[in-house]
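All remarks here apply to the structure that follows.
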Amino acid sequence: MYRNRDPRGALQVGVWTQPDPDATEWTLEHQVSLPDIWADRSYKAAGLPMKIPVLALIHPKDPAVVYFFLKDHLFGVDLRSRSVVECEVYELVAPDRNLVATRFVHAWELPPSLSSSSELKDQAEEKLSPTSPPSDMKIKD
């Protein structure tokens, strides 16, 4: 991830990757200017100001999605579409919000056994029949 300027002088965000673990060269995968992101209706709909954000993290499975801090928001941008894909207000215990940076954030994915995704909940609910009690429940006659 880096910041650069486009021919108009506008700040750009770019993501470089290595195609495979043995590669010795980096490949520019995605590059977009901040004004292009700011111009997207999803950015405007999120109510975010047109200010330079601070890099938070790159999505662990999709390098086209980059997360930023801006004021009290953490938001994700899909660099392919130049659109905001997530935006949430965050609260930090420490450090001070003015000191927030990438080094305070770690991207990781929960294993399925710890995930609270709706897909897992749906699968669990399918296993329970609404007409029969759970197998460990005792029924009085």
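The values are calculated or read from the model by the stated rules, or taken from the named source; none is laboratory data. Just so it is clear, the structure is predicted and the values come from calculations on it, not from any experiment. Cβ coordinates were reconstructed from backbone atoms using ideal geometry, including for glycine residues, and neighbour counts include every protein chain displayed.
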In segment 76-85, the residues that are under 23 Å from L110 (Cβ atoms) and either free of Cβ contacts under 8 Å to residues at least 12 places away in the same chain or touching a helix residue (DSSP H, G or I) at 6+ places or on another chain (Cβ under 6 Å) (or both): V77
- request: Restrict the check to segment 36-48 and report whether at least one residue is exposed (fewer than 13 other Cβ atoms within 10 Å of the Cβ) and on the phi > 0 side of the Ramachandran plot.
  value: yes
field: Selection from segment 61-107 of residues that are loosely packed, with under 10 Cβ neighbours inside 10 Å, at pLDDT 65 or above and not acidic (D, E)
entry: K61, V89
query: Taking only pairs six or more apart or across chains, which ones have beta-carbon atoms under 7 Å, a first residue in segment 6-19 that is small (G, A, S), and a second residue that is part of a strand (DSSP E or B) and surrounded by 13 or more Cβ atoms within 10 Å (Cβ to Cβ)?
result: A10/S33; G14/H30; G14/Q31
query: Given the conditions (1) touching a Gly at 6+ places or on another chain (Cβ under 6 Å); (2) at pLDDT below 90; (3) surrounded by 14 or more Cβ atoms within 10 Å (Cβ to Cβ), which single one is not true for Y2?
result: (3)
